[in-house]
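Accompanying notes for the structure given below.
The values are calculated or read from the model by the stated rules, or taken from the named source; none is laboratory data. As the structure is a computational prediction, the values presented were derived from the model and not from experiment. In this analysis, Cβ positions are derived from the backbone assuming ideal geometry, glycine residues included, and neighbour counts consider all displayed protein chains. Areas reflect the complete protein model, heavy atoms only, side chains present, ligands, DNA and RNA absent. Shrake-Rupley method; radii C 1.70, N 1.55, O 1.52, S 1.80 Å.
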Amino acid sequence: MFIDLRTLKTYCIFAGPMNLSNISIMSQEIQNKAEYIVIFISEFARHFGLSAVQAYRYLSRYKAIDFLDEQYKVAHTQSFEDMVQYMAGYCQRHGGALV
């Protein structure tokens, strides 16, 4: 799976400033999680006709990014289609308007 490091930096998945020179020493689990979240944001954006930045802001605002981070071990076993639908409902329950 390919990950665009500029995209990863743009989304600011990790707390605090990210030093891209340290990407090679990240644990494999963190890399996998980061890749999954970046791809999920892209799929969510495509599904709802949003830009990647709009999708990230929406998912972040309604705590979906936090949920995916915490529940990665289960979430990544589901299809992106199913997770997009589930996370749209999750965001709606937290005040979001996309359905």
Checklist entry - Within the stretch 70-84, can you find the residues that are part of a helix (DSSP H, G or I) and loosely packed, with under 15 Cβ neighbours inside 10 Å? => result GLU70, LYS73, VAL74, GLU81, ASP82
Checklist outcome for this item: Filtering the stretch 85-97 down to residues that are in a loop (DSSP other than H, G, I, E, B) and surrounded by fewer than 17 Cβ atoms within 10 Å (Cβ to Cβ) yields HIS94, GLY95, ALA97
Checklist entry - Only one of (1) surrounded by 15 or more Cβ atoms within 10 Å (Cβ to Cβ); (2) modelled with pLDDT of 95 or more is not met by ASN32, so which one is it? => result (2)
Checklist entry - What residue, among those in the stretch 52-69 that are basic (Lys, Arg) and in contact (Cβ under 8 Å) with a residue 24 or more places away in the chain, is least open to solvent (accessible area, probe 1.4 Å)? => result LYS63
